[in-house]
1. Can you give the convex hull volume per residue for the Cα atoms of the stretch C:117-225, as a whole number of Å³?
2. When the gyration tensor of the stretch A:78-124 is built from Cα positions, what are the square roots of 5 times its three eigenvalues, in whole Å, from largest to smallest?
3. Over all directions, how big on average is the projection of the convex hull of the alpha-carbon atoms in the stretch B:203-244, in square nanometres?
4. Take every residue in peptide C:84-96, count the Cβ atoms of other chains within 10 Å of its Cβ, and give the average of those counts.
5. Quick one: if you take sqrt(5λ) for each eigenvalue of the C-alpha gyration tensor of chain B, what semi-axes come out, biggest first, whole angstrom?
6. How large is ³J(HN,Hα) for each residue in the stretch B:18-31, as worked out from phi by the Karplus curve 6.51 cos²θ - 1.76 cosθ + 1.60 (θ = phi - 60°), to whole Hz, x for Gly and Pro?
7. Mind listing the long-range amide H neighbours of C:VAL199? Cut-off is under 5 Å, sequence gap 5 or more, other chains count too, H placed in the peptide plane at 1.01 Å from N.
8. Over the protein assembly as shown, what percent of the accessible surface lies on carbon and sulfur atoms, probe 1.4 Å?
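The values are calculated or read from the model by the stated rules, or taken from the named source; none is laboratory data. As the structure is a prediction and not an experimental result, all values here were calculated from the model. Glycine gets a Cβ as well: all are built from the backbone with ideal geometry, and neighbour counts include every protein chain shown. Ligands, DNA and RNA are stripped out before the accessible areas are found, and what is left, the full protein with its side chains, is counted by its heavy atoms. Shrake-Rupley method; radii C 1.70, N 1.55, O 1.52, S 1.80 Å.
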Amino acid sequence: MSRAALLVLADGRFPAGGHAHSGGAEEAVKAGRITGAADLEDFCRGRLHTAGLVAASLAAAAALGVPARELDAAADARTPSPALRAAARKLGRQLTRAARATWPSDELDALAREFPKGAHQPVVLGLAARAAGLGAEDAAHCAAYESVSGAATATVRLLSLDPFAATGVLARLAPEVDLVADAAVEAAGRVRGEGCGALPAAGAPVLEIGAEVHAGWAVRLFAS
Amino acid sequence: MTTAGGGVRARARILARHRAPGGTFLPVLESDGPLALRRTRAGGDEARVVLVGAMSGPLGGDRFEVEAEADTGARLRVQSAAATLALPGQSKSEARYDVRVRVADRAELCWLPEPLISVRGSDLRVRTDVDVAPGGRLVLREEQVLGRAGEEPGRLVSRLTVRTGGLCVLDQEVACGPGAPGGWDGPAVLAGHRAVGQVVVVRPEFGERPVAAGRIGDLCVVMPLAGPAALVSAVAADGLRLRRLLDEGLAAIG
Amino acid sequence: MHLDHPHASSTALSADARRPDGRRRALRIGLGGPVGSGKTATVAALCRVLRDELSLAVVTNDIYTREDAEFLLREAVLPPERISAVETGACPHTAIRDDISANLEAVEDLEDEVGPLDLVLVESGGDNLTATFSKGLVDAQIFVIDVAGGDDIPRKGGPGVTTADLLVVNKTDLAPYVGSDLGRMAADAKAQRDGLPVVFQSLRSERGVTDVADWVRARLAAWTA
């Protein structure tokens, strides 16, 4: 395993489409729920312990070799918002393309055949980690971190927030990202014995509702 | 009912069965301790049951279980007489409230209890597990109110899992109150709202013709799930406003 | 081309010249350039001229969701199923250069849904002079500037002006009103572009988009040869 491979996968510039998504920050900014760095931190913390935990556990389980079909269905059940399901599949498809070009693997090819329109992004992330020779801990860390980094970057653009303040938010959340990744790996390890019900199902009602509201806007900067 | 380990264990059961022509009877209607079930006047071919007892609990350490099953072709409606209060108890351990709902082919079950109110100092874990057979129909509402008026909530973790034809279509857990993971009250999760709720509707025809996604006000939406089911999801300042939103969402589904 | 690539399968990775079924994919031409230079108007004019002789489709990259796509739909230059909008998260240059995955998917979906296609025009959102298309996304690119944006733009250069396969100087009819010197623009462009072609056009003139359309036809002939 190469530690640097994790840096490649986790790099915000990894060309897998994330730049066009705000993780719900665009709607939250417009609704006045995020007005500055303090709100952004609260927002990211809530996102991390809900959507982030679920994504990290799906990624970890995929990295451990749990079949993508089962994990994708589990992701659907944990994502009530059809707009978020569509966004997750879109990003999953883009990540599949980028990962196949970066770390050619039979498993990723099989995934592309099974899900021509994309599997949920965290599931693809887990398989990409596997193809890169990384483990479940790496996949979980990557997914947990992505669950907050995208929203922070988007908020910099949306509010012209001081980029140092946004990066400070991410740094302060780092210990919690570690805890979430650990919990995700622990849950993923139980899937083989207990099925996908062992995966966390932490929901964020306002994120799901906001995603539907955002999808109805005629004019927006971000895809989700 | 038993009392052991500093808490009360109680298990109530309802079984509804179809009886030709056009009726539903209740071969099993078992109350237990604080979980008291009453049959009320039937509405057409639908059997109606009211849960009257849970007012005083669950307290810390209690374990309540309710099982409701609608057998093939039966129609059952379960309501509660008043809100359920999660209260602090003598025991330091968490209280548990497990609900299991089974809906068979051509059966219909409406699970419409009053809200659960998480009182300051309480610690409750709710697990609602629903299985709907391919031809079954379900309406299930759950509402959580965080604290009585002006009061801080206790700790509440509530997970709802719904399967249709054995496939999971909804798996959602909400955790809030002291000790819940960070950010639960923040702009991504509850955004300071004190009431959160959802209504799941399962109908076989949604497999072919899913409901259209729609918006009811700022913080309530109707969403088609990935299967023959739809969800109304809302947050609101209080239980009354929440109920209005959920009712409106349910009406939008038709 | 990666037809013998051990991992080639259901979807092409990026610039492969053939689709997974072995057919040659459509030629992809990118149109970039600053805000308001007339990219969308040029795309619309190209569609009107070429739609009867070619099977074509358009992908737009907007700052605000679907504005350019909506314009093309209103103008009815192509049936709606031949126009696809990519959302760019406030960074149109990222979507055409640094992270092209959403655009590649839009192109492939168009080929799947309304194909076979001869030509796909990929229009960038209005951006700055450094915004160019990735070679993984397009086979050739057109950079559109206009005389009203300042007649010193060709002299300033930048990747779009110097390296685009075709430079279009648009709205030449406005030159007298904005005091732009077309002769100077032509000389500067020639100096900057090392022999690459330049077209001066006014979509309001009778000649309209003819020169650009001819250039596109020549690229297409070379592509299918």
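1. Values: hull volume 12.5 nm³, N = 109.
Enclosed volume per residue, from the Cα hull, is 115 Å³.
2. 21, 9, 8
3. Values: hull surface 12.6 nm².
For the stretch B:203-244, the mean projected area of the Cα convex hull comes to 3.2 nm².
4. Numbers: counts 0, 0, 3, 9, 5, 16, 10, 5, 1, 0, 5, 3, 0.
So the per-residue partner count for this stretch is 4.
5. Taking √(5λ) for each Cα gyration eigenvalue gives 28, 24, 15 Å.
6. Computed from phi, the couplings for the stretch B:18-31 are 6, 10, 6, x, x, x, 10, 10, 10, x, 10, 8, 9, 8 Hz.
7. C:LEU167, C:VAL168, C:VAL169
8. On the way: 14400 of 27510 Å².
Of all accessible area on the protein assembly as shown, carbon and sulfur atoms account for 52 percent.
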